[in-house]
1. Looking at the stretch 217-229, is at least one residue touching a strand residue (DSSP E or B) at 6+ places or on another chain (Cβ under 9 Å) and within 15 Å of Ala140 (Cβ to Cβ)?
2. Go through the stretch 72-96 and give me each residue that's in contact (Cβ under 8 Å) with a residue 24 or more places away in the chain and loosely packed, with under 14 Cβ neighbours inside 10 Å.
3. Working only within the stretch 121-180, note down all residues that are acidic (Asp, Glu) and touching a residue at least 60 places away in the same chain (Cβ under 8 Å).
4. Go through the stretch 197-219 and count every residue that is within 17 Å of Ser153 (Cβ to Cβ) and out of contact with any Leu (no Cβ under 6 Å at 6 or more places or on another chain).
5. Give me the residue from the stretch 195-216 that is charged (D, E, K, R) and touching a strand residue (DSSP E or B) at 6+ places or on another chain (Cβ under 8 Å) and, out of that set, modelled with the lowest pLDDT.
6. What single numbered condition from (1) in a strand (DSSP E or B); (2) farther than 25 Å from Thr120 by Cα fails to hold for Thr217?
7. If you check Thr139 against the conditions, is it closer than 18 Å to His49 by Cβ and either surrounded by fewer than 19 Cβ atoms within 10 Å (Cβ to Cβ) or touching a His at 6+ places or on another chain (Cβ under 9 Å) (or both)?
8. Of the numbered conditions (1) of a type in the set (D, E, K, R); (2) at pLDDT 95 or above; (3) closer than 24 Å to Gly213 by Cα, Lys105 fails exactly one; give the number of that condition.
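The values are calculated or read from the model by the stated rules, or taken from the named source; none is laboratory data. Quick caveat: nothing in here was measured; it's all calculated off a predicted structure. Cβ sites come from the backbone with ideal geometry, for glycine too, and all protein chains shown count toward neighbours.
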Amino acid sequence: MTDWLMNDDLRRAELDIQRGMSHYMQVEQGLSGEKVQKHSPRPEIRFLHAAISSSRTPIDIYIDDRRVVHALPYLSHSSYFAIPSGNHRLEIFRSGDRQRLLLRKHFEVDWKKRYTAGLTDRQRESHRIQMLLYQDEQTAEPSVSKVRFIHLSPQAPTLDLKAQGGEILFKQVSYKGATKYIELHPGRIHLKLCSSDNKLNISRITPITLISGEVSTWVVVNPTRVLNMIQLKG
């Protein structure tokens, strides 16, 4: 069991729900030449910077030798932007320094799909980052709120996310795992994180208001030894 899980103070720590402040808007024109304002038939992608090893400096993101995101801070995410369907080359550098390559990777996107690219640390090579691509849903029924859960905390155990009263919303989510979307009734909800193996309560989460017709992704990260959760809209 990791040290942070043994810390009583940490078990009682609240998760910091970072809503609008985590949405970093400094996205350059994408490969298609425009930012995405509404749903596009072309693939759309956004980047979430959750790599602890690169937390001290912002990063620049290049796709096919073109800079598409400039100076993205740690625990922030870009807005969506459109790119052509097919294969692409991703390169990530320390902001303003193309001599400091952090990641080079090829990836593929499909027509009419929307993606979140999570940048996080490799579990056994914490000094190296990786990109994990998750396909996003775009719409929810007007009467419900649709959510999913992504685990991007390499030092944390497999997690359960529970609602007040003990109902398990998401079960046994391991590092890099993403759940399917579920539909919840709109309104205020109280949540807590538990380790899946021994049901130890790790943290309670600041109450969240679910909005009808809204799609959200809850992402757990750990910038220090305390877990945080970022809420991404869409």
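1. We begin by selecting, within the stretch 217-229, every residue touching a strand residue (DSSP E or B) at 6+ places or on another chain (Cβ under 9 Å); these are 217-222, 226-229.
Checking which are within 15 Å of Ala140 (Cβ to Cβ) leaves us with 217-218.
Yes, that holds for at least one residue.
2. Arg89, Gly96
3. Filtering the stretch 121-180 down to residues acidic (Asp, Glu) leaves 121, 125, 136-137, 141, 160, 167.
Listed by number, the residues that qualify are Asp121, Asp136, Glu137, Glu141.
4. Taking the stretch 197-219 as the starting set, the residues that turn out to be within 17 Å of Ser153 (Cβ to Cβ) are 197, 200-205, 217-219.
If we keep only those that are out of contact with any Leu (no Cβ under 6 Å at 6 or more places or on another chain) as well, we get 197, 200-201, 204, 218.
Adding up the residues that qualify gives 5.
5. Residues of the stretch 195-216 charged (D, E, K, R): 197, 199, 204, 214.
Narrowing further to those that are touching a strand residue (DSSP E or B) at 6+ places or on another chain (Cβ under 8 Å): 199, 204, 214.
On the way: Lys199: 64, Arg204: 79, Glu214: 95.
For the stretch 195-216, the residue satisfying everything is Lys199.
6. So Thr217 meets the others, but not (2).
7. Details: closer than 18 Å to His49 by Cβ: no; either surrounded by fewer than 19 Cβ atoms within 10 Å (Cβ to Cβ) or touching a His at 6+ places or on another chain (Cβ under 9 Å) (or both): yes.
Criteria not met by Thr139.
8. So the condition that Lys105 fails would be (3).
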